[in-house]
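Here's the structure, in structure tokens; my notes come after.
The values are calculated or read from the model by the stated rules, or taken from the named source; none is laboratory data. Keep in mind that what you see is a predicted model, and the values were worked out from it rather than measured. Counting neighbours? That spans all protein chains shown, and the Cβs are built from the backbone with ideal geometry, glycine included. Accessible surface is based on the protein model in full, side chains and every heavy atom, while ligands, DNA and RNA are left aside. Shrake-Rupley method; radii C 1.70, N 1.55, O 1.52, S 1.80 Å.
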Amino acid sequence: MATNTGFEGKNTSLITILSTVHGQLRREQRDIDKRDLQRALKYGRCERAWGQRWLVEYDGITFITDLTKRREVTAYPSPLPDIPVNYSTLDGHEKAKRLLQQKPELSTSHTVIVVDNSGSMLSKKNDVHLYRDSQNAAFSMTALEFVAEQLLSNTAVNSDMVSLVKFGERPSIEFSREPIGWPVYNKILTHRNKDKYVNRQHAPYMDEVLGGSNYLPALKAAQELLELGHHDKCAKSIFFFSDGRHTDHMKLGITSEDSIKRMKETITSMSSKYGEALTVSMVGLGNAHDLFLPLKEMANAATDAGAKGSFERCEKTAHSISSAISSMVTSTTETRLTLQEGGRSSFTERSGLTSEKYSFPKCNWTYFKIVDHFVYHPQVKEFRSAPMLPLAAVHSSPVEASRRMQAPPPYIAINSNYVGKGAERVAFRCRLSDAENPRGFVFEDMVAKETKHDQRIGERVAFHEGFAETQDLANYLATEFNKHLQAIPNYRLTLTPQLRFVSCSVLLLQDSNWPGGERGVLVEKMLDTDRFRWVKWNDNNGGLMNGEKKHIPIDVDFELKELQREEAQHLGAIMENDEDSDDDESISDVESEGGHGNGEVDVNSNDSGIDPSEYLQAFTHFTYRFTNKKVMVCDLQGIFNTDLTPPTIEMTDPAIHYASTRGRRMVFGRTDKGRSGMNAFFSTHKCTKICKYLHLSARNKKWNRDWRRESTQRTNFRHN
């Protein structure tokens, strides 16, 4: 079971405190009127304060009154309390932190919070409404909105990390790469300034002597923190909080313009490296007359260099600070989801891509001469030249394909406007053609897919290898699933749905605009989305068609055991092309750990009619069992074609999770999440009657050999 590093529902004292805290936040976001003070005086706790004043506490609000208790001097929320955490929570937090240091590839996000701790943030003139000073507001709202709100809403788990940098004259890294949890909430609160009023009044004058608020060293510290444990699947964020009064130019002896230029160069360097995987949020605390020029310039530099840059001015209210933090969290969450689904946002998307949906005319054909045709060969694990018709044409029009087998069309027309765009690829409508004009079109519309990133256009045919292998294995497993369906009660040859993944192959084309003068596109059947609704029945991270998504925490104990086992096996000595063992005794049974993956039947299953989702969730479960717990096919998307007999669920672009016993990762591409992806599926899966009827077994040790042999036999390589 996953180690608990967060809120424990049975801790009633913690529930009470958090309820108070969240109620307090809501009170901060409205004005405190006179009746609040009257209630506080009647029911609250009073004690003498400095300067012949009274301090009155009631319902999470502290009031300061004059000696007569009739005039309110100020009011602010009572300081946020620490959250009591037990030994189990602290131990789990430390284990998760240690694990992420040893296996940084398990992290899903890393946010570096940079807070200006200079004297101007502590001065009375910078008070945030209901807070004693700007610095206290920054740390209190960060703890509440960034940590507590995410933990309570389950948008952050122990794979999401946070670092804290405070800066004045020089930066101080207070903690680095801590898993988000209640211990971090408490750590952030410890950094609130506790100086008395007189000391805070002197702080701005000390700034003038000591050099104050230097942005450049703080940015450098944030940059170094982001580089620690960097990997492409981790969403990154910088949250920079200041009142805008930088002093870098005085420290360096240069003009203010030159210091801002250096700040922009630092931000540009980070943004160019991480691209859309990086969110840069600059928050200025001040009034309308404050320009915040350096913060605005840095936000613009981030956007210009490919990151998600933003600037927000907070008008010295708790609500505005809360809004700024929420915006940053939303952006980071969106990036994390994109990367988890296989996106590679550190790459640059090709420019000039336009959708059919927004183009007129919809189709703008460009004609390319076909140089070669390649079909994936599973036994040799590579593409083989096959001078024949593309498989999409063979399967969509078999009679016409038979007639044209010896004389395939020499051209393909590709629409310049795309029909769809995913995390890694872009898809265009295409047609085979006997001539370089529409009168030569033959066969039906097909789809041509290729990379959407500039950095990968030179890979041509090789780019498609992983996608072709994934789709081929998925189709083999769908065929086996269809055979097993014959054993379920009420099976009907012409009525029981069948599963099919569309066949694909690659065409090499002449294109003078492409590197090397040649362009490789993967071609497959175009599904009829005009007649049948496109559906995504599940994704590669536990998400279901009904919208249920879970951000799955790391199973820390399991991963630590895996780490020990990997070290014992000397993973560095294993060649990349070594086959993994099919011995199921070496594979942890994630199925029994995930919610309803143990065979429990969903009582809400539909007894009448055809529900494709029932079959497809069972199919994903089947692939895990049929392959001896090694493979799981998910990210199931396509159409339910009821025009065919039997009705057929036609799909494309599946993802495969592979449970390697030798520590190999992303065996089936960037969407392969291994055991963690399998865990995610079982965390939301509820076995349907189809799962029960199939009597799934995990003793099929020949699946790999059978797939590669049978798939090769199905493909006609006699035309090589």
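Points to keep in mind about this one:
- For the range 349-358, a residue qualifies if it is under 26 Å from Glu465 (Cβ atoms) and either in a strand (DSSP E or B) or in contact with a Pro (Cβ under 9 Å, 6 or more places away or on another chain) (or both), and exactly one does: Glu349.
- Strands (runs of 3 or more DSSP E) lying entirely in the range 42-135 (those with 2 or more residues that are over 28 Å from Thr332 (Cα atoms), under 39 Å from the mean Cα position of the chain (by Cα) and at pLDDT 80 or above): none
- Those residues of the range 359-384 which are within 15 Å of Ala427 (Cα to Cα) and not in a loop (DSSP other than H, G, I, E, B), in sequence order: Trp365, Thr366
- Taken over the range 631-663, the residue count meeting the criterion of being assigned to a loop (DSSP other than H, G, I, E, B) and either open to solvent by less than 50 Å² (accessible area, probe 1.4 Å) or in contact with a helix residue (DSSP H, G or I) (Cβ under 6 Å, 6 or more places away or on another chain) (or both) is 11.
- A Cβ distance below 8 Å, combined with a sequence gap of six or more or placement on separate chains, defines the contacts here; from the range 424-435, residues that are more than 14 Å from Pro390 (Cβ to Cβ) reach residues that are at pLDDT 95 or above and among the small types (Gly, Ala, Ser) in the pairs Ala427/Ala448; Phe428/Ala448; Arg429/Ala448.
- Output for the range 383-400, where each listed residue is touching a helix residue (DSSP H, G or I) at 6+ places or on another chain (Cβ under 7 Å) and of a type outside the set (Gly, Ala, Ser): Phe383, Leu389, Val394
- Annotation note: Cβ proximity below 6 Å between a residue of the range 480-504 that is assigned to a loop (DSSP other than H, G, I, E, B) and a residue that is crowded, with 19+ Cβ neighbours inside 10 Å (sequence gap 6+ or interchain) occurs for Thr496/Leu485; Pro497/Tyr615; Pro497/Ile649; Val502/Glu524; Val502/Lys525; Val502/Thr652; Ser503/Leu391.
- The range 663-680 residues that are more than 17 Å from Thr623 (Cα to Cα) and among the acidic types (Asp, Glu), paired with ones that are open to solvent by less than 30 Å² (accessible area, probe 1.4 Å) and at pLDDT 85 or above (beta carbon under 6 Å, 6 or more apart): none
- Any hit, the range 385-406, residues being part of a strand (DSSP E or B), over 17 Å from Val502 (Cα atoms) and modelled with pLDDT of 85 or more: yes
- Checking Arg27 against (1) in a helix (DSSP H, G or I); (2) at pLDDT 55 or above, the condition it does not meet: (2)
- Within the range 261-283, residues that are in contact (Cβ under 8 Å) with a residue 12 or more places away in the chain and among the charged types (D, E, K, R) reach no partner that is open to solvent by less than 10 Å² (accessible area, probe 1.4 Å) and assigned to a strand (DSSP E or B) with beta carbons closer than 8 Å at six or more positions or on different chains.
- Criterion: more than 30 Å from Tyr274 (Cβ to Cβ) and buried (at least 18 other Cβ atoms within 10 Å of the Cβ) - qualifying residue of Leu495, Leu527: Leu527
- Scanning the range 505-548 for residues that are in contact (Cβ under 8 Å) with a residue 40 or more places away in the chain, part of a loop (DSSP other than H, G, I, E, B) and at positive phi turns up just one, Gly542.
- Of Gly517, Gly543, Gly466, all but one fail to be out of contact with any Cys (no Cβ under 7 Å at 6 or more places or on another chain) and either open to solvent by less than 10 Å² (accessible area, probe 1.4 Å) or more than 28 Å from Lys381 (Cβ to Cβ) (or both); the exception is Gly543.
- Flag if Glu559 is modelled with pLDDT under 80, under 27 Å from the mean Cα position of the chain (by Cα) and outside any loop (DSSP other than H, G, I, E, B): yes
- Residue match in the range 244-267 (condition: in contact with a strand residue (DSSP E or B) (Cβ under 8 Å, 6 or more places away or on another chain) and part of a helix (DSSP H, G or I)): yes
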